[in-house]
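Below is one structure, written out as structure tokens; the observations come after it.
The values are calculated or read from the model by the stated rules, or taken from the named source; none is laboratory data. As the structure is a computational prediction, the values presented were derived from the model and not from experiment. Methodologically, a virtual Cβ is constructed for each residue, glycine included, from the backbone with ideal geometry; neighbour enumeration extends over all protein chains shown. Ligands, DNA and RNA are excluded from the accessible area calculation, which covers all protein heavy atoms including side chains. Shrake-Rupley method; radii C 1.70, N 1.55, O 1.52, S 1.80 Å.
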Amino acid sequence: MLLQASNISKSYGVRTVLSNITLQIQEREKVGLVGVNGAGKSTFLQIISGEMSYDGGDIFKAKETKIGYLAQNSGLQSNDTIIGEMRGVFAHLLAAERELRELEEAMASPDIQADAKKYDDTLHKYAIRSEWFREHGGYEMESRIRTILSGMGFGSFDPQTRIGTLSGGQKTRLALAKMLLQQPDLLLLDEPTNHLDIATLSWLEDYLRAYPGAILVVSHDRYFLDALVDTIYEIERHTSKRYAGNYTRYVETKAAEYESRMKQYEKQQDEIARMEDFIQRNLVRASTTKRAQSRRKALDKLDRIDKPLGDLKRASFRFEIEQMTGKDVLAADRIGVSFDGLRFLFRDASFQLSRGETAALIGPNGIGKSTLLKVLIGQLSPTEGGFKWGANVRIGYYDQEQTNLNSANSVLDEVWNAFPHLEEARIRTVLGNFLFSGEDVFKKIAALSGGEKARVALAKLMLQNANVLILDEPTNHLDLYSKEVLEASLIDYEGTLLFISHDRYFLNKMAERVLEQSADGIVSYLGNYDDYKEKLAELEAARAAAAAERKPAAAQSADKPNDYESDKQSKREERSRQRKLEQLEQDIHRLESEVGDLEAQLAQPDVFNDYVLVQQKNAAIEERKAALEQMYGEWETLLA
């Protein structure tokens, strides 16, 4: 048992946030914490981490348990460089490494060598520190830093980049990278998948699945929860309940439990109704009075089952259209965008949309997906290429930043100002469907949470009755239940849908076609996200098979057409590239093996007792590591 929280309660004045919250985490256990926005999940993580006080209950931690807490959107604040900040995690190892170098210099000193006792003492100290350095991962330090920075999307960054120059999302990713390097016994992660593209998400899932410690994660990413956790704790109506299994299993179990409790309740209610009817009919008749009184006593003693509480109130809305578009909705032709006239963010973006189609636009962060959408709705002008909308198109646009919301407005004014022709009763009904009722409609936009702002933006979008919806990360800030409502409404939508999303569960549920954007264009794949991944795997397998079976082309006559010569030259270049790749991979494997052998030799008594040999081995290791760094760069270049 790493941690146990029992009957934790927390209130702000008269408002109860948590009550009777109980949770247990075992070593290496991966736990998901779910609940609607405002349920108290982040508050609970802050309490466990020690960053917030609590009113009642107890928290027990195993002795010397190290807890790492990463708050939501908590970017790394530092004046250091990326590599400097990451190496700072290993300050104890760097200090030990400096000590080893000093001991090596001391052992080479004529004064020490002349004194047998001093030499033996220094040699003994060196052996102990060298073994400690090896056991604590000193020789894997740089490799771990490189692996995690690459996985978190910093592989192409200059390691000397100052952290202060990074964007907010990049600082958040770097904070998570640093936390992973620290490797605490228990990781507390609050929405760690924010600001991650799909490739980084996939890497993080794999890394966390193999993480040697325990994890408690708050996430609205259902795909991520399904892939990672084996236990779910739900916070609902201020209390917690444990469910075994991943998120999908939790949903199924909860639904089955509710159905079972409801059947028991209804069965008892039927029995109570029959008993009450018998008592009512027989109490006044002398011959059956005693039986009726007996039934009444039995009824009074009955342990009545409370009616099961259904789900908390959810948003409820539909996207409707007033007019159908033509068959051809959009034709984008070789669109390119450059902000300085020299370097292009992307080029040759071409695709088509037909009436009723649902397409997902995906690609790595920074490739220009949001920029492309802004070009299509007219907010930006393309540097090159163009696009054409079809007949009767009426566009509804959802901006993930919600820049179209006026922070000075109340919720009611924000929606009513956009649709002044509607009656107040209609506006209030719509806002009620989006969970803004009573005094909530007078809250200022500036005071709303991210999820509440998202619901206001969706309310405005719904009232447009647009026949083409363009959505930029529509599930951001929404809790799990609001996402399900949004999915249901979009599945029933009769118009055309183009959206950006990193939510793979949402992509699987909604997408009929995946548009993968890169710097050089857009490739279209039929199907949802899983279909897209399967197609990529097939293409990769086909490329590997073709490379393995490729044979040198037979000599051809020189009088063939130019396109043939060009094709032959391309094949020669590809063969050359493949040969270089294969040779590099062999050299990398050889050097990695040599480094491993040398590091193992350092732990052998006949080596670490001989300072000259130790210096030679360390020099050989550093020489091979330097060569490896160069080879890694060449390999990545050839692979691109």
- Task: With respect to N417, determine if the residue is under 22 Å from K369 (Cα atoms) and open to solvent by 40 Å² or more (accessible area, probe 1.4 Å).
- Result: no
- All helices (runs of 4 or more DSSP H) inside segment 5-122 with 1 or more residues being modelled with pLDDT of 90 or more and over 24 Å from the mean Cα position of the chain (by Cα): 82-88, 91-108
- Output the number of the condition that R347 fails; it satisfies all remaining conditions of (1) assigned to a helix (DSSP H, G or I); (2) modelled with pLDDT of 85 or more; (3) open to solvent by 90 Å² or more (accessible area, probe 1.4 Å). (1)
- Message: Just the residues that are surrounded by fewer than 17 Cβ atoms within 10 Å (Cβ to Cβ) and outside any helix (DSSP H, G or I), please, taken from segment 158-183.
- Response: D158, P159, Q160, T161, R162, S167, Q183
- For segment 225-244, enumerate the residues that are in contact (Cβ under 8 Å) with a residue 40 or more places away in the chain and not acidic (D, E). L225, L228, V229, T231, I232, Y233, I235, R237, H238, T239, S240, R242
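Pick out the one residue from A408, A425 that is assigned to a loop (DSSP other than H, G, I, E, B), surrounded by fewer than 19 Cβ atoms within 10 Å (Cβ to Cβ) and out of contact with any strand residue (DSSP E or B) (no Cβ under 6 Å at 6 or more places or on another chain). I'd like the intermediate steps shown before the answer.
Details: A425 fails: assigned to a loop (DSSP other than H, G, I, E, B).
Answer to the selection: A408.
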- Considering segment 446-499, residues that are among the β-branched types (V, I, T) and in a helix (DSSP H, G or I), and then whichever is farthest from G169 (Cα to Cα), we arrive at I491
- Among the residues of segment 434-444, write down those that are touching a helix residue (DSSP H, G or I) at 6+ places or on another chain (Cβ under 8 Å), assigned to a helix (DSSP H, G or I) and surrounded by fewer than 19 Cβ atoms within 10 Å (Cβ to Cβ). D440, F442
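Could you check segment 207-311 for strands (runs of 3 or more DSSP E) lying wholly inside it with 1 or more residues that are open to solvent by 50 Å² or more (accessible area, probe 1.4 Å) and of a type in the set (K, R)?
On the way: elements: 214-218, 231-236, 239-244.
Where strands (runs of 3 or more DSSP E) fall fully within segment 207-311 and carry at least 1 residues being open to solvent by 50 Å² or more (accessible area, probe 1.4 Å) and of a type in the set (K, R), they are 239-244.
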- Task: Would you check if L376 is farther than 14 Å from L515 by Cα, hydrophobic (A, V, I, L, M, F, W, C) and open to solvent by 10 Å² or more (accessible area, probe 1.4 Å)?
- Result: no
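Please verify whether L490 is crowded, with 22+ Cβ neighbours inside 10 Å, on the phi < 0 side of the Ramachandran plot and either β-branched (V, I, T) or within 26 Å of the chain's Cα centre (by Cα) (or both), treating the condition exactly as stated.
no
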- Query: Does segment 410-442 hold any residues that are more than 23 Å from L486 (Cα to Cα) and under 34 Å from the mean Cα position of the chain (by Cα), and which are they?
  - Reply: S410, F442
- Note on the structure: Filtering segment 10-49 for residues that are free of Cβ contacts under 8 Å to residues at least 60 places away in the same chain and surrounded by fewer than 16 Cβ atoms within 10 Å (Cβ to Cβ) leaves a count of 5
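Can you pull out the residues in segment 581-606 that are closer than 12 Å to E131 by Cα and open to solvent by less than 60 Å² (accessible area, probe 1.4 Å)? Break it down into steps so the answer makes sense when it comes.
At the first step, the residues of segment 581-606 found to be closer than 12 Å to E131 by Cα are 599-605.
Those that are closer than 12 Å to E131 by Cα and open to solvent by less than 60 Å² (accessible area, probe 1.4 Å): E599, A600, Q601, L602, A603.
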